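This report concerns only the one structure given below.
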Amino acid sequence: RRAEHAPLASGRRWRLPVCYGGEFGADLADVTAATGLSPDEVIRLHVDCEVSVYMIGFMPGFPFMGDLPSALNMPRRREPRLRVPAGSVAITGSLTAIYPWQSPGGWQLIGRCPVPLFDAAAPTPSLLAPGDSVRFEAVTPARLAELEAAIIAGELTPTAWQESQP
């Protein structure tokens, strides 16, 4: 029997842009060294899987998503960072997440997503919800900059990345 106050899974589908590696994914080289995969293989594995949002926690809007392919299974960093930039896409164990705020963190950073995941003024503050599914789409640094500018200008809203239901 479901608890009376437990939320129902919405089951929305999302396709979120991510710029991988370089200044946006500081740990991609460490992930490739640990896994024996090339950067392109790590990125391909991350974009080729559809992950489920299991829960929102750690901080408002932070989605714990999985399961990643076992080849991407990585431990947390030995030394957590004091400042993980907002939008950082990270992996640890069989999970992936996007940091909605700048915060400390110990997950392996592989990319950056420009889509805001939390808006306290919105009717539903957290963009993602348990039961949603997410696929990632690799974008170039130039495209990331275009998307960030369009979001800041109000030309794109976070729901632009919600896929239509079949």
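Overview of values
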| read-out | value |
| --- | --- |
| Strands (runs of 3 or more DSSP E) wholly inside region 1-113 containing at least 1 residues that are farther than 26 Å from Arg143 by Cβ, touching a residue at least 60 places away in the same chain (Cβ under 8 Å) and in contact with a strand residue (DSSP E or B) (Cβ under 9 Å, 6 or more places away or on another chain) | 51-56 |
| Hey, Ala149 outside any helix (DSSP H, G or I) and farther than 21 Å from His46 by Cβ or not | no |
| Residues (surrounded by fewer than 16 Cβ atoms within 10 Å (Cβ to Cβ) and either of a type in the set (Ser, Thr, Tyr) or at negative phi (or both)) located in region 36-46 | Ser38, Asp40, Glu41, Arg44 |
| Positions within region 60-75 being surrounded by fewer than 14 Cβ atoms within 10 Å (Cβ to Cβ) and farther than 18 Å from Val134 by Cβ, in sequence order | Ser70, Ala71, Pro75 |
| Search result, residues across region 114-134 that are among the charged types (D, E, K, R) and either surrounded by fewer than 19 Cβ atoms within 10 Å (Cβ to Cβ) or free of Cβ contacts under 8 Å to residues at least 60 places away in the same chain (or both) | Asp119 |
| Residue within region 82-92 that is more than 19 Å from Tyr54 (Cβ to Cβ) and crowded, with 22+ Cβ neighbours inside 10 Å present | yes |
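Any read-out appearing in this document is the output of simple, stated calculations on the displayed coordinates, not a laboratory observation. Here the structure is a predicted model, which means the values were calculated and not measured. Positions of Cβ are generated from backbone atoms using ideal geometry, with glycine treated the same way; all protein chains shown enter the neighbour counts.
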